[in-house]
Amino acid sequence: MESRFDVIVIGAGHAGVEAARAAARMGCRVAICTLSEATVAHMPCNPAIGGTAKGHLVREIDALGGLMGEAIDATGIQFKLLNRSRGPAVRSPRAQADKRRYGAWVAEALCREERITWVVCRVGGVLVRHGRVLGVDLETAGGEAGGETLHARAVVVTTGTFLNGLVHVGRRRTPAGRAGEPPSQRLAESLKALGLPWGRLKTGTPPRLHRRSIRFERLERALGDEQPVPFSFMTGRIDRRQIECHQMHTTERVHEIVRANIQRSPLYNGQIEGIGPRYCPSLEDKVMRFPHHERHQIFLEPEGVDADEVYVNGYSMSLPVEVQESLVHALPGLEDAEMMRPGYAVEYDFVQPTALSRSYEAKDVAGLFLAGQVNGTSGYEEAAGQGVLAGINAARAVACEEPFVLGRDEAYLGVLADDLTTRGCLEPYRMFTSRAEYRLLLRIDNADLRLTERGREVGLVDDRRWARFQDRRSRFEENARRVARTTVTLADGNRARASQALRRPDVELEWLARGNELRLEVAPGEEREDLWSVETHFKYAGYLERQEATIERARRLEHRRIPASFSYSSLPGLSREIAERLTETRPDTLGQALRIPGVTPAAVALIGAKVSA
Amino acid sequence: MFATDDTIVAIATPPGPGGVGIVRVSGPGAIGIAGRILSTSSRLAPRRATLTNALDPVDRRPLDRVLATYFPGPRSYTGEDVVEVSGHGSPVILRQIVTAATAAGARLAEPGEFTLRAFLRGRLDLVQAEAVHDLVTAVTPRQARVAFDQLEGTATAAIGALDRVLFDLVARLEASLDFPDEGYHFIDARAAGVEAASLAARVHDLIVSAQRGRLIRDGCQVAVAGRPNVGKSSLFNQLCGVQRAIVAGAAGTTRDLVTETVDLGGIPVTLVDTAGIRTTTEEVEAEGVRRARAAVDVAAAVIVVLDRSRPLDADDWALLEETAGRPRLVVVNKRDLRAAWSPAVEPRMAACGPVLETCLIDGSAATAIRGALLQVLEGGTPIRDTPAISNVRHIDLLGRAERALRRASAAAAGGASEELVLADLEEARRALEEISGKRTPDAVLERIFEQFCIGK
Ligand SMILES: Cc1cc2nc3c(=O)[nH]c(=O)nc-3n(C[C@H](O)[C@H](O)[C@H](O)COP(=O)(O)OP(=O)(O)OC[C@H]3O[C@@H](n4cnc5c(N)ncnc54)[C@H](O)[C@@H]3O)c2cc1C
Ligand SMILES: Nc1nc2c(ncn2[C@@H]2O[C@H](COP(=O)(O)OP(=O)(O)O)[C@@H](O)[C@H]2O)c(=O)[nH]1
Ligand SMILES: [Mg+2]
């Protein structure tokens, strides 16, 4: 096997595949290492992509030229636009995936990239000399140290939950990255030896049931949208037949069983130390921490069109198998359900991402990038989003180019990178729209207008996407001009500028365009996108103008750079605690410094005075 | 900016002779310096007053019998090690103790530096730090009281109470956006609009009381205006309690502005006596009239003086017209002389607001004028409750919060969706948080997770 590459990506999960493809598209020769070819872009938990804020991430990944959007559009089996009744900034697409087909689609897409080489082998360590990455050491087929060495100028670590992973089911503990997959221990120790700071987190998954053992007729159906809204700007219409999901609630009986067995849960008997996500509570937590809630919502989601496994959304647990069985059977309609796989919890090591710069490169090891759950995040979309940017930056590092960093006012991807590297993770990090202070600006309808040109500049957007985007952008600009100069007659008979009329909550562009006064350019199949982006542009105009001043002020702080060598400990007036925080995080700019928890405006003023002096 | 990690010293009590005076030493070297300027052989016990002598560092001669107290950081005023030496209050001796401390290695503190350190080390929030400054520079007793309340956190408490309600509202709205399919009903936008409106009203009340607080803190200017010879300077002198302005029988005696600051029921009021306003061609007098008009324009309130012994003329009416709608007190003077007219029967006087009839030859009217003027300044409602906030910056921020809240409530009432209502609510929240200097980016999510069982 060839042993010299430009970029080596360790892991073929959602982060790894995006990183490998991005670097390859940017001209690098890439090796992608995975423990198994069968788990490429695997979904170990919920077989779904998107959701509030996560859907935004997918759109942005797509706008930059990433994979995830097209993958889910091609293999989704139920689509739903969340927050449809609310404003365009918080609408977000979500889709159930055919889990097996999704993975196969992504693997195939990567196989089409000529510059990608597959390495199905466990990586045992990262090779570093003089603070610079040289490559990786593989383990032998028998899992011993001392396999082959692969060389590269950049290495991207995307090993998810595998570093010292430990799976819990009741009192049974099994070292594993995911149930049934052995963990990566040697690699974990190799990374720790580089001095990267560590933490331990936990996540969990519910049991899977056999489809034919469920009495669906007794359950409430949950349907998707009639007309799916695609994730990718490259997808026209989605006309696939959609499946149905089902909905139910926990019962008092369920809560009783949990309470009676709580000491057998590794979460409650002290067996698990890692911190779990509060936005994804286990059934144990739901019952114990919210005793005043009579019931909790549960969804049954098929894992594919013809898959037998059904995912029990909302029922994640790590109780012993027999307790899980009785908990399943306690649910109405599931009395005879066959449990194909029990739920479990997994604890794993993660790297505290404050050790990374916003390009996902380790501050102290040139050429070493980390992306995905290994950085303390949770979720496929968060992983993929980091993967794209880490892949881009690995390729740029190989080409000796400046890092590619997106701002908080440019993309959720920018918010993600900034939050992680500035504040680190105390619990698994998931994206929410409320994390984006410029939420009104970061919408799904303008993700391409915000990012596709950036993706083209770095070389990730191919000609096909670029041509399609340019058409769309010129339609957008032309339509915006027309709206700005046209006066229309409103429902009440009054006349107003279209641009002003649209600021009213009840006035829709589609309605205005129905008359003769306002003519708009729309491409067949893209009418909705075309109308949405123009409408939103004007609907939010007043708010965006007001926000512009805030953004400008923030940008000034964002542009005040702090030298990497800046010594906080010798800066008089800084408390030791704040100085330590800053020394650890080493923010690039005053703006970033101000976002570090515990750092006061007074402290930033002190640094600012010193930096400009 | 000066260093903030060395040891500083200063007299901590107000200047001038007093009962006791305190010299405060703060910084890493405080305890070492205390060892060199005090005669105790043993180390000072934390937080306990020790009777000892302050020594001249050169010839070890006792300077004063003092009580010395050691406050180890971080539980001290500045958050650093602090030694307080209280002596007998003679400025000369206190200064000698300070000199002894500087000779022993301390640096003389800049004004406000103790407070700055307390703030930098997280012992005070911004509001409290600013209040300390106000307390130290307070002139009148009521001013001191307001500043003191602010130090004790009244302001923080008042804003904190508003902020908590707003925060809760924001958290519920955010939850409804980020968790749309949880089967929860957090709050709808219209209900949020109603809450925003009631919050706006509360912020408004705070601003109104704050503006009174500001009067107390910063004081205000009151111009005395009227035609020549009506008794303006007489009124001015009586309010000042001294013969400041020249009172003369010849019209046009006061040519330029004369000012004097007086304590009016706790508000520092700068009175401005002006030249008589009348139409004139004489150059110097014309300049005086211009300045008088300018003073009237910028003043927070105006006292218009009229002469009852002569009929009102066009200049009087013009002045009444110009000052209509402003906080104003009309004084009808020379009631001891035969009346040429009377406010009671002059129909156009009815709309002139408070009118006071006076005789300014002796001081008998002073109390009545003070009372009436105070009422005009307080906008009719007397300052009964101590206003919580008296800082201009805070009033500005409260104004920003109120405007944002009103926009939010209007948007919600007009059917705008949550993210737009939130854009304004967030701005209001930022403004309120800027006052107390607090800021936690994850707070909203924290709140949501703690209150609701979210996620699958
Ligand atoms: C049990 C479980 C429950 C979860 N629940 C949720 C949830 O409820 N909600 C949610 O949002 N997210 C959940 N997640 C998280 C989500 O699955 C991950 O965040 C996401 O898949 C991470 O993607 P990744 O690319 O970072 O890593 P992964 O998808 O984990 O990929 C890791 C890759 O690294 C490879 N690898 C590991 N070690 C080596 C090595 N030494 N050499 C070579 N290759 C290696 C593996 O083969 C794999 O391809 C859950 C995950 C698990 C395991
Ligand atoms: N009889 C009488 N004379 C007064 C009264 N107030 C002021 N004067 C006199 O009126 C003259 C003008 O007073 P002055 O205060 O200088 O007026 P100004 O020009 O408005 O400042 C002086 O001779 C005062 O003594 C009053 O109430 N009664
Ligand atoms: Mg005069």
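The values are calculated or read from the model by the stated rules, or taken from the named source; none is laboratory data. It should be emphasised that the depicted structure is a prediction, and the values quoted were computed from it without experimental measurement. Using ideal geometry, Cβ is built from the backbone for each residue, glycine included, and neighbour counts are taken over all protein chains shown.
Can you find, within the range B:398-415, the residue that is nearest to the other protein chains (Cβ to nearest Cβ) among those that are crowded, with 24+ Cβ neighbours inside 10 Å and over 18 Å from B:Ala161 (Cα atoms)?
It comes out as B:Ala411.
Going by the conditions given, is A:Ile10 under 19 Å from A:Thr161 (Cβ atoms) and either away from every other protein chain (no Cβ under 14 Å) or out of contact with any strand residue (DSSP E or B) (no Cβ under 7 Å at 6 or more places or on another chain) (or both)?
So A:Ile10 passes the test.
Exactly one of these conditions fails for A:His56: (1) away from chain B (no Cβ under 14 Å); (2) at pLDDT 95 or above. Give me its number.
Answer for A:His56: the failing condition is (1).
Given the conditions (1) at pLDDT below 65; (2) more than 30 Å from B:Arg407 (Cβ to Cβ); (3) out of contact with any Ser or Thr (no Cβ under 9 Å at 6 or more places or on another chain), which single one is not true for B:Gly153?
(2)
Quick one: which of A:Gly387, A:Gly379, A:Gly343 is within 14 Å of chain B (Cβ to nearest Cβ) and either within 16 Å of ligand 2 (Cβ to nearest atom) or at negative phi (or both)?
Going through A:Gly387, A:Gly379, A:Gly343 in turn, the sole match is A:Gly343.
Is it true that B:Arg65 is charged (D, E, K, R) and at pLDDT 75 or above?
Judged against the criteria, B:Arg65 is a match.
Show me the strands (runs of 3 or more DSSP E) entirely contained within the range B:276-369 in which 2 or more residues are more than 16 Å from ligand 3 (Cβ to nearest atom) and closer than 18 Å to B:Asn237 by Cβ.
So the answer is none; nothing clears 2.
What are the residue pairs meeting all of these: first residue in the range B:314-329, first residue aliphatic (A, V, I, L, M), second residue surrounded by fewer than 16 Cβ atoms within 10 Å (Cβ to Cβ), Cβ atoms under 7 Å, and 6 or more apart or on different chains?
B:Leu329/B:Pro354
Spot the failing condition for A:Glu325; the list is (1) surrounded by fewer than 22 Cβ atoms within 10 Å (Cβ to Cβ); (2) in contact with a Gly (Cβ under 7 Å, 6 or more places away or on another chain), and only one is missed.
A:Glu325 satisfies all of (1) surrounded by fewer than 22 Cβ atoms within 10 Å (Cβ to Cβ); (2) in contact with a Gly (Cβ under 7 Å, 6 or more places away or on another chain) except (2).
When you go through (1) within 14 Å of chain B (Cβ to nearest Cβ); (2) in contact (Cβ under 8 Å) with a residue 60 or more places away in the chain; (3) over 19 Å from A:Arg218 (Cβ atoms) one by one for A:Asn313, which number turns out not to apply?
A:Asn313 satisfies all of (1) within 14 Å of chain B (Cβ to nearest Cβ); (2) in contact (Cβ under 8 Å) with a residue 60 or more places away in the chain; (3) over 19 Å from A:Arg218 (Cβ atoms) except (3).
Under 6 Å between Cβ atoms, at least 6 apart or on separate chains: pull out the pairs that start in the range A:162-186 with a residue that is away from every other protein chain (no Cβ under 14 Å) and end on any residue that is more than 16 Å from ligand 3 (Cβ to nearest atom) and among the aromatic types (Phe, Trp, Tyr).
Final answer for the pair search is A:Leu163/A:Tyr348; A:Gly165/A:Tyr348; A:Val167/A:Tyr344; A:Val169/A:Tyr344; A:Gly177/A:Phe162; A:Ala179/A:Tyr344; A:Pro183/A:Phe162; A:Ser184/A:Phe162.
May I ask you to verify whether A:His292 is surrounded by fewer than 24 Cβ atoms within 10 Å (Cβ to Cβ) and within 16 Å of ligand 1 (Cβ to nearest atom)?
Answer is no for this residue.
Please tell me if A:Arg454 is touching a Lys or Arg at 6+ places or on another chain (Cβ under 8 Å), assigned to a helix (DSSP H, G or I) and surrounded by fewer than 21 Cβ atoms within 10 Å (Cβ to Cβ).
Taking the combined requirement at face value, the residue does not satisfy it.
Only one of B:Leu215, B:Leu264, B:Leu199 is over 30 Å from B:Arg310 (Cβ atoms), at pLDDT 80 or above and away from ligand 3 (no atom under 16 Å from the Cβ). Can you tell me which?
After ruling out the rest, the residue left standing is B:Leu199.
Hey, among A:Arg408, A:Arg341, which residue is at pLDDT 95 or above and basic (Lys, Arg)?
None of the others qualify; the one that does is A:Arg341.
Among (1) away from chain B (no Cβ under 14 Å); (2) closer than 24 Å to A:Met68 by Cβ; (3) hydrophobic (A, V, I, L, M, F, W, C), there is one condition A:Cys280 misses while meeting the rest; what is its number?
If we test A:Cys280 against (1) away from chain B (no Cβ under 14 Å); (2) closer than 24 Å to A:Met68 by Cβ; (3) hydrophobic (A, V, I, L, M, F, W, C), just (1) comes out false.
Look at the range A:556-577 and say how many of its residues are within 11 Å of another protein chain (Cβ to nearest Cβ) and farther than 19 Å from A:Gly591 by Cβ.
Summing the residues that are within 11 Å of another protein chain (Cβ to nearest Cβ) and farther than 19 Å from A:Gly591 by Cβ in the range A:556-577 gives 7.
Need pairs with beta-carbon distance below 8 Å; first residue closer than 13 Å to A:Leu531 by Cβ and within the range A:471-496, second surrounded by fewer than 14 Cβ atoms within 10 Å (Cβ to Cβ); sequence gap 6+ or separate chains.
What qualifies is A:Arg472/A:Ala523; A:Arg475/A:Ala523; A:Arg482/A:Arg519.
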